[in-house]
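Okay, so here's the structure we're looking at.
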Protein chains: 2
Amino acid sequence: MGIIVQKFGGTSVASVEKIFNVANRILEEKQNGNDVVVVVSAMGKSTDELISLAKQVTSNPSKQELDMLVTTGEQVTISLLSMALHEKGYEAVSMTGWQAGIQTEPIHGSARIQNIDTTRVQNALNEGKVVVVAGFQGVTEDGEITTLGRGGSDTSAVALAAALNADRCDIYTDVTGVYTADPRYIKSASKLSSISYDEMLELANLGAGVLHPRSVEFAKNYKIPLVVRSSMERVEGTYVLEEANMEENLVVRGVAFEKDITKLTVFGLPKEIESLSSVFTPLAKHNVNVDIIIQNVSDKKLNTLSFSVKTDELQDALNVLENNREAIGYDHLEYESGLAKVSIVGSGMISNPGVAAKMFASLSEEGIFVKMVSTSEIKVSAVVNEEQMLAAAEKLHETFGLSKVNQPVAAVK
Amino acid sequence: MGIIVQKFGGTSVASVEKIFNVANRILEEKQNGNDVVVVVSAMGKSTDELISLAKQVTSNPSKQELDMLVTTGEQVTISLLSMALHEKGYEAVSMTGWQAGIQTEPIHGSARIQNIDTTRVQNALNEGKVVVVAGFQGVTEDGEITTLGRGGSDTSAVALAAALNADRCDIYTDVTGVYTADPRYIKSASKLSSISYDEMLELANLGAGVLHPRSVEFAKNYKIPLVVRSSMERVEGTYVLEEANMEENLVVRGVAFEKDITKLTVFGLPKEIESLSSVFTPLAKHNVNVDIIIQNVSDKKLNTLSFSVKTDELQDALNVLENNREAIGYDHLEYESGLAKVSIVGSGMISNPGVAAKMFASLSEEGIFVKMVSTSEIKVSAVVNEEQMLAAAEKLHETFGLSKVNQPVAAVK
């Protein structure tokens, strides 16, 4: 007997039929004697449809008005889901973000949650109702409607779970859990029974799309157990916890990979203390996300600096650097596109030196040349040629024993 | 220089193109140096579409959840209209009902406005912005989203005009103004340059669909000049004011008519003081709207009571009366459907005795038999056979000189 927060994404509520399927999942938890708070996204592609409506009005819609527009999407879902629960004979009440007390910073399009006043939700739970909350949305202190940006509904769910001191937050999605690698590409990938917050955070940041990094961060900070599971199939999901299941005894728990990476090199940079900041400050100001950074300091007066960006941000990066050429004082730029990043993630690395060395040896065996490297305490990333990405990922998956994880491999939709 | 409230209905904002047309009308008023508050409905048929979505979930949706659902319709319009105003280079901000401070009683589906806190609207006006408010919706003191029922957006507009002490409230619609009779049926009908609140109220209650009675009542109570005008055609509309233009010197200012009326007669009612209330209390409890009531008191112990209802409420009325037969103690029921109500409305009647007599004489000339009569200070209604309704209306329109009103007859869309 406790509070369970469940989150269902857009594909899980894409039709009236699917909404009834979701209602059934909710009622199972309710029948277990738990209080249930449900967070839902907009139905299917309805957010995209609303945005395309805005684009018919203006090519550059105000973010405030766009928030006003797109938040109607979740509002439709919460009302229909509540009606479906009523139809099944249960008490339920829908709440928009502002009604659920989700207060955010005053930024449109990607606000962070600052505070949740759970009074209204708690009162409804006390009356025995299922509470259905609109995900992805909040309200500023001044009463302006905001949205939380990508992965916002996950964040709404985890934040509500934290504020309500929930026993668990279940993230229902279109996959059955978190895998050792993306099973669409790595056939031997298997579902993990558990993973630590830190590992999940690295995987999420590396582009494993199951959970948004912000929601994982929230869960970690408030120690909310997360479960990633399928809304369609009745199989066990993956627990995201403080400490993952140690009996699996994995040094590396997952392999992630991402293509469309470009390596950009700045030649002839003055060897001054301000050089790095003179390059990266203007890039940050223009929202160019820089990933791996390598600086070759030599004896000479001038430095060479390389960093990686997503290829679709390359043009922005080049523009920013060229517009700031005098201020930075570099000689010339070079770039290499068609690259990919392959990463291994696992808490076990901390106590296992030589993991990176094993990784490089393994890639070298396959004749894969590593162009850039980046490491954290629980992650090693290597930049390789795009056409070698999958071979690299498969090799690492095998090298670190992930193909033998004792989990039944569930089908992925 | 003052505040003008403009209201645009669903057909005026049914497409992106029409939304830009509305933006132009707003900017004309803004360019006149006025502060403008705009109230809009949901786009075209979108409310109907949302309701049909709900009906796919349940045949009997909760009114609270239905309010949650349908209020998204106006929210979509306000954001798109604000974007259109931005696109034209003007500052604008959208507000939902709750953001605009429209507080209602805690009733879903047909709440009355209790109070409007205009702080937010006034602040935005002070910043030079056009304020675009979602019509038809409000919020209870407890933060529940409500809707105002039929004609709700008119009521939102007039109530905002009252609360803001606006100079005028312009109701843009798909007709060019208020007519002496419905021009779709009475070819000689002409547009009135002005009409009094009381006359408009009678006409609105008699089913002249231009304005909802509640909005007229609000305008009357707060002495807000209303203008009914076309959103598509650039012609003068009709002013609704305390005192209509007297130079037109009309005793009767309009003829209204409505079909699908049924006369219901209760025979053998005990001649007791409670009799009337024993019939009408249960009908009211079941939301059966009774219009004209006639009681024939005779010398005998028993009374006969007749009243009219809309034909689509007949079955409800019969059920209620039959279920309460013992408590009421009547003998039997009879009813006659296929009737219509024809009414004349005009403030001038108060000082003109004999208007009703002239009406009856005129109908009698046409061989039209009057089955029931009801009068107010500024209205006479007669129930006639449905097939004689238009003949009666045309005859009365001519008898009271309405075909000669000195107004250019504008086209009606």
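The values are calculated or read from the model by the stated rules, or taken from the named source; none is laboratory data. Small disclaimer: the values here were computed from a predicted structure and weren't measured. Every residue, glycine as well, gets a Cβ built from its backbone with ideal geometry; the counts of neighbours run over all protein chains shown. The area values use the complete protein model at the heavy-atom level, side chains included, leaving out ligands, DNA and RNA. Shrake-Rupley method; radii C 1.70, N 1.55, O 1.52, S 1.80 Å.
Values for this structure:
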quantity: In sequence order, calculated HN-Hα J values of the range B:380-396 (Karplus, 6.51, -1.76, 1.60; Hz; x Gly/Pro); calculated: 10, 10, 10, 9, 9, 5, 3, 5, 9, 4, 5, 4, 4, 5, 5, 4, 5
quantity: Heavy-atom accessible surface that B and A bury in contact, both chains counted, 1.4 Å, Å² to 100; calculated: 3100
quantity: Chain B, accessible surface, carbon-and-sulfur percent (1.4 angstrom probe); calculated: 46
quantity: Chain-alone versus full-assembly comparison, the range B:69-91, residues with accessible loss of at least 30 Å² (1.4 Å probe); calculated: B:LEU69, B:THR72, B:GLN75, B:VAL76, B:SER79, B:LEU80, B:MET83, B:HIS86, B:GLU87
quantity: Exam field: A:GLN31 pseudo-label spacings to other copies (7 Å along Cα-Cβ), nanometres; calculated: 6.5
quantity: Cβ-defined net charge surrounding B:GLN114, 9 Å radius [Lys, Arg +1; Asp, Glu -1]; calculated: -1
quantity: Estimated FRET transfer efficiency when R0 is 45 angstrom, pair B:PHE280-A:LYS88 (beta carbons, to 0.05); calculated: 0.70
quantity: Residue-by-residue Karplus 3J(HN,Hα) for the range B:159-173, coefficients 6.51, -1.76, 1.60, Hz, glycine and proline x; calculated: 5, 5, 4, 5, 5, 8, 6, 6, 6, 6, 10, 9, 9, 7, 9
quantity: Minimum Cβ-to-axis distance in chain B for the rotation onto chain A, with residue, whole Å; calculated: B:THR72, 2
quantity: Shortest-first nm distances, B:ASP312 label point to equivalent points in other copies (7 Å, Cα→Cβ); calculated: 4.9
quantity: Charge context of A:ASP198, other residues only, Cβ under 13 angstrom, K/R +1, D/E -1; calculated: -2
quantity: Solvent-accessible area per residue, Å², over the protein assembly as shown with all protein chains present [probe radius 1.4 Å]; calculated: 43
quantity: Candidates B:ASN221, B:ASN24, B:ASN352, ranked by Gaussian network fluctuation over chain B, Cα under 10 Å, top entry; calculated: B:ASN352
quantity: Antiparallel content of DSSP bridges confined to the protein assembly as shown, in %, to 5; calculated: 60
quantity: Simple Cβ-charge dipole of the range B:224-366, Lys/Arg +1 and Asp/Glu -1, about Cα centre, in debye nearest 20; calculated: 160
quantity: Residue-count net charge about A:SER362 - beta-carbon cut-off 9 Å; Lys, Arg +1, Asp, Glu -1; calculated: -1
quantity: Share, in percent, of DSSP beta bridges within the range A:3-173 that are antiparallel, nearest 5; calculated: 25
quantity: Gaussian network model of chain A, Cα within-10 Å springs - most flexible of A:GLY73, A:GLY128, A:GLY138; calculated: A:GLY128
quantity: Gaussian network model of chain B, springs between alpha carbon atoms under 10 Å - residue of B:VAL355, B:VAL384, B:VAL266 with greatest fluctuation; calculated: B:VAL266
quantity: Given charges at beta-carbon only (K, R positive; D, E negative), |dipole| of the protein assembly as shown in Debye; calculated: 540
quantity: Size of charge dipole - the range B:46-156 - debye, nearest 20, with Cβ of Lys, Arg +1 and Asp, Glu -1, no other charges; calculated: 180
quantity: Candidates per chymotrypsin sites (Phe, Trp or Tyr not before Pro) in the range B:330-386, loop by DSSP, up to 14 other Cβ within 10 Å; calculated: B:PHE369
quantity: Sites B:ASN385 and B:ILE350 - FRET efficiency at Förster radius 41 Å, r taken between beta-carbons, to 0.05; calculated: 0.85
quantity: Nonlocal amide H pairs with A:ALA111, under 5 Å, H built at 1.01 Å; calculated: A:THR147, A:LEU148, A:GLY149
quantity: Cβ-vector label at 7 Å, A:ALA361, separations to other copies in nm; calculated: 11.8
quantity: For the range B:74-88, Karplus couplings with θ = phi - 60° (6.51, -1.76, 1.60), whole Hz, Gly/Pro x; calculated: 5, 5, 5, 4, 4, 5, 5, 5, 4, 4, 5, 5, 4, 4, 8
quantity: 10 Å Cβ neighbours from other chains, averaged over peptide B:356-369; calculated: 0
quantity: Descending semi-axes in whole angstrom, ellipsoid equivalent of the protein assembly as shown, from the Cα gyration tensor; calculated: 68, 33, 19
quantity: Filtered chymotrypsin sites (Phe, Trp or Tyr not before Pro), the range A:146-191: DSSP coil and at most 14 other beta carbons within 10 Å; calculated: A:TYR185
